[in-house]
Every structure is written in C-alpha cells, then in structure tokens.
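Written out below as structure tokens is the structure these notes cover.
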Amino acid sequence: ETLDATGQFVLPGAIDVHVHFREPGYTHKEDWETGTAAAAMGGTTTVFEMPNTHPPTRSVVELRQKQEAAKKAYVDFGLYGLLAEDNIDELQGLIDGGVNAFKCFMGNTFGNLPSPSTGAMLEGFEIVARSGLRISLHAETASIMAWRQKRLVEAGRNDPLAHIAARPAVVAAEAVARAAILAEWTGARVHVLHISSALELGPLRDAKARGVDITGGTCPCYLLLDSSDYARLGSVIRVNPPVRDAADSEAIWAALKDGTVDLIETDHAPHTLEEKTKSVIWEADCGFPGVETQMPLMLNQVSKGRMSLEDYVRYSAEAPAKRFGLFPVKGRIAAGAHADIAVVDMARSETIRAAGLQSRGKVTPFEGETVTGIPIHTLVRGRFVQRDRTLVTGAKGHGRQVTDIQKMPTPVLHNQDQTLASVLRGPG
Ligand code: NCD
Ligand code: ZN
Ligand code: ZN
C-alpha cells in the first residue's frame, strides 16, 4: 500500500495539551470516541485531556475510570489529574497511578470545581514539583470574578460584553503572577493555559527571565477573533477567559513570535447548540469545539503569510512535545520518533461547517469560514486514523496513553526542606 503525497507536506501530527472530552459524566456533549475522531480529522495525533468531567479526575479511582473510557480513542492521549482544594492527599496517588500532568482551576469554569486557596495550591505545587510533571493553570482569580459578576448581575447586565467585564485581563494576569511566584518557590513546572490578553504577557515574561519553568499557550480564538465579533456571534463566542480586543490579539501574535507564548492548544470545549444559545448570557455554557478546526485555521494563516509552516510546527507539535515530556519520541519527524503524522494539502480549501464536525458540539464561532491548508491524512504510530478526509473507523481503540514515553529531566527543586510534608515529618 503506497501513498502518493506529491505536492503535499508531511508534518508531525499536532499535540494538543488542552482538550475536554467530557467522559465520564457529560457524554451528551462529547465522549472519547467523538472527541478523538475530531482530533484524527484535524491532524492531531496526541491530546491531553482535562479533569473537569463528572466525576472529576481527582484520585486514582477516577483516573482508572477515565483510562477505561479512553479505550475507544483513535489518537494517543495524556490524562490530566486535578489539583484542587479537596484532593491534596490524592496527588501522590495520581502521580504513582500514571497521570501525565496536573490541572489547577484557579477560577471557576465549566464543572464549577472549587478553586484551591493559595495555601492549598502551594502544598499541591510542593508535591507535584518532585514528580517533574507540569501543572497547567486555568489562570483566572476566582474571588475577583465572583465579585465582579455579582455587581454586574445586580445591575441587571445581560449582554455578551458583560462577560468580559466579569473577567477582565487583570483577573488572568493577577493569577499568572501568583502562580509564577509559587512555581518559583517550589520548582514546580507550570503552564499558563489559554492566554487571552496582553496583560498576562508581562508576568509570564518576567517569570521566564527569572528562570521559572513556565510556559504559555494560546488558542485559535484569541488569535483570530476579537471584541468586534461579539455583535455577530452573541453567546456562541462565550468562552473562559473571554475573547478580548484586537490589541490583545496582536500582542499574543507577537508573543508567539518572540517565544513568550510557547504553543498553540485548542481548549476544545464542546457543548450542545442549546446549551450555547441562551437568552441570559450568564446561563450559556462557555467554550466551543476546537481540536478539529485548529490545524485548518492555523494553516490558513500560513497560507496568508501570517506565519511560516516551520513556526506553525513549532507551536503545534515541537513545543508541546518538549514542554510536556514527550520529546523526542513525539512532535517531530525524525529517525527514532513515532510516525505521528499529518499530511497536509496547502492548496486545498474547505468551508468550516459545525454540522459536519465529528464532535458532538455542533457549534463553532468559525462557521462558514473558508480556509486553505487541510490535513488530508492523519497517522498515529504509523497507522491511518484519517485518510482522504475520511475517518478510518477501524482505527477506533488504536489510541494509547503516552505514560510509557515520558522523559522529563529532573526538575530543579527549591525549598524542599520547607515543604509542609517535610516539616510535618520532622527532623531525622
Ligand atoms: C471549558 C469547558 O467547557 O470545560 N470552558 C471554557 O470556556 N474554556 C473550561 C475551561 O477551560 O475553562
Ligand atoms: Zn480553562
Ligand atoms: Zn479548557
């Protein structure tokens, strides 16, 4: 069986460190089959799946449940464990049980998981630091948002822009700065998810300059949409953190180019059309699917000359692989690396239609956009999972957890003699 790739490009499959596949608990929105089918169609060969399912991935019991659900996967995956107020004593079990990274919701979002106090966060960072696993942060400060939303609701505000007013950039930037100092103190590796504002870049840049192992990611919506799109898209555009002004988007593009923002992730967050379109803005679920449209949307930017294909590969595959411990086995095309491949046709155009997505979330802010640059085949460890724009249904279950290939160098730990655990253990 041969493949004619004349005139096409062979890229490492995208590694998306931020997807929500909803199983267990919210399978009317998505499950492991539909979510990873969406990844396969989108040229994404590895995903890291978030713990805000029901039940959340808060201990090794739920981790095993998730591994069971993930047996349907088309593509390879990492699993996040939760780092929250009420599961600090479960973190070591999750590490020993094989999670690939941790997720800390500093502010509430879908699933309404209680955000940890700074004290609980610090203890969590102390524990996870020793494992070398990265802690991804939903960096928005809960107390600021709660106050602002209360004031807006009291004032009777019910419009898409009130969503931004409840979660202005300072909400995110304050959280980034606070998490960065905890990472600096403990030596924990952290990743700032879904960077949406210019203001977050300052504390991120400063922390990097001080040698903190901190990375940043952004999503297509923060690069390609801005506040002028709210009038057109209404509650469909509602996402945490919010899409902001064109100046924010410009700053994030520049930060990708200068390396302050390391990678592109999707925050694939499917909800039903009904859950997305509510007359009261506060009731519309936040987020939308992304794993299937990321590569076409970003390759379209390559087509337009906004970035090079080499840069795109760095943001979509190489940087996530390096930062989450998968390099050199994943994220590049080279002898000794897995054949995780997206073959792309840079001359092909398609129009994005939510109705045609594999995801159960049949709603996207990019509805009707025609993009040029399409992944026409996807291979995971040498096997087709998508061929000629068609899902290879026989490849269901081919996806594996990446646990066995983690190769993170030992982190530089700080102040380990002052961790709660070591002080409670006492001298000797
Ligand atoms: C995400 C979800 O729906 O799980 N929603 C979102 O608006 N981004 C949660 C999150 O990443 O904050
Ligand atoms: Zn988030
Ligand atoms: Zn998310």
Would you call Glu30 closer than 30 Å to Phe125 by Cα and charged (D, E, K, R)?
no
Can you pull out the residues in region 234-247 that are within 15 Å of Ala162 (Cβ to Cβ), out of contact with any Gly (no Cβ under 7 Å at 6 or more places or on another chain) and aliphatic (A, V, I, L, M)?
Ile237, Val243
Can you work out which of the residues in region 374-402 that are polar (S, T, N, Q) and over 21 Å from Ile333 (Cβ atoms) is surrounded by the most Cβ atoms within 10 Å (Cβ to Cβ)?
Gln401
Region 215-234, residues that are surrounded by 22 or more Cβ atoms within 10 Å (Cβ to Cβ) and either in a loop (DSSP other than H, G, I, E, B) or modelled with pLDDT under 95 (or both)
Cys219
Do you know which residues across region 175-185 are under 21 Å from Lys322 (Cα atoms) and in contact with an Asp or Glu (Cβ under 9 Å, 6 or more places away or on another chain)?
Ala180, Ala183
Count of residues meeting criterion [within 16 Å of ligand 1 (Cβ to nearest atom) and surrounded by 24 or more Cβ atoms within 10 Å (Cβ to Cβ)] in region 258-284
9
Residue satisfying all of: in region 54-83; within 16 Å of ligand 2 (Cβ to nearest atom) and buried (at least 24 other Cβ atoms within 10 Å of the Cβ); nearest to Ala14 (Cα to Cα) among these:
Tyr80
Under 9 Å by Cβ, and 6 or more places apart or on different chains, what pairs join a residue from region 254-265 that is under 14 Å from Ala207 (Cα atoms) with one that is of a type outside the set (D, E, K, R) and in a loop (DSSP other than H, G, I, E, B)?
Thr260/Ile195; Val261/Ile195
Within region 304-336, work out how many residues are at pLDDT 95 or above and more than 23 Å from Tyr80 (Cα to Cα).
10
Among the candidates Gly325, Gly368, Gly361, which residue alone is part of a loop (DSSP other than H, G, I, E, B) and farther than 25 Å from Val17 by Cβ?
Gly368
Quick one: what pairs do we get from region 319-337, first residue at positive phi, second in a loop (DSSP other than H, G, I, E, B) and among the β-branched types (Val, Ile, Thr), C-beta under 9 Å, 6+ apart or different chains?
Gly336/Val329
Matching residues in region 137-191 (closer than 17 Å to Cys104 by Cβ and aromatic (Phe, Trp, Tyr)) number 1
Can you tell me which residues in region 255-281 are in contact with a helix residue (DSSP H, G or I) (Cβ under 7 Å, 6 or more places away or on another chain) and more than 16 Å from ligand 2 (Cβ to nearest atom)?
Ala255, Leu256, Thr260, Asp262, Lys276, Thr277, Lys278, Ile281
All conditions in (1) part of a helix (DSSP H, G or I); (2) free of Cβ contacts under 8 Å to residues at least 40 places away in the same chain; (3) more than 14 Å from ligand 2 (Cβ to nearest atom) are true of Val212 except (1)
Residues in region 91-104: is at least one more than 16 Å from ligand 1 (Cβ to nearest atom), among the charged types (D, E, K, R) and farther than 19 Å from Gly132 by Cα?
no
Per the filter on region 1-29, residues on the phi > 0 side of the Ramachandran plot and either within 14 Å of ligand 1 (Cβ to nearest atom) or part of a helix (DSSP H, G or I) (or both) are Arg22, Gly25
Filter region 132-160 for residues that are within 16 Å of ligand 1 (Cβ to nearest atom) and among the polar types (S, T, N, Q); which is modelled with the lowest pLDDT?
Gln149
Based on this model, can you work out whether Ile95 counts as in a helix (DSSP H, G or I), over 30 Å from Phe384 (Cβ atoms) and either away from ligand 3 (no atom under 16 Å from the Cβ) or in contact with a Cys (Cβ under 7 Å, 6 or more places away or on another chain) (or both)?
yes
Within region 150-195, the count of residues that are on the phi > 0 side of the Ramachandran plot and without any contact (Cβ under 8 Å) to a residue 24 or more places away in the chain comes to 1
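Just to be sure before I move on: is Val61 part of a helix (DSSP H, G or I), more than 13 Å from Asp16 (Cα to Cα) and β-branched (Val, Ile, Thr) in the structure I sent?
Working: part of a helix (DSSP H, G or I): yes; more than 13 Å from Asp16 (Cα to Cα): yes; β-branched (Val, Ile, Thr): yes.
When the stated conditions are applied, Val61 passes them.
The values are calculated or read from the model by the stated rules, or taken from the named source; none is laboratory data. Predicted, not measured: the structure shown is a model, and the values here were computed from it. Positions of Cβ are generated from backbone atoms using ideal geometry, with glycine treated the same way; all protein chains shown enter the neighbour counts.
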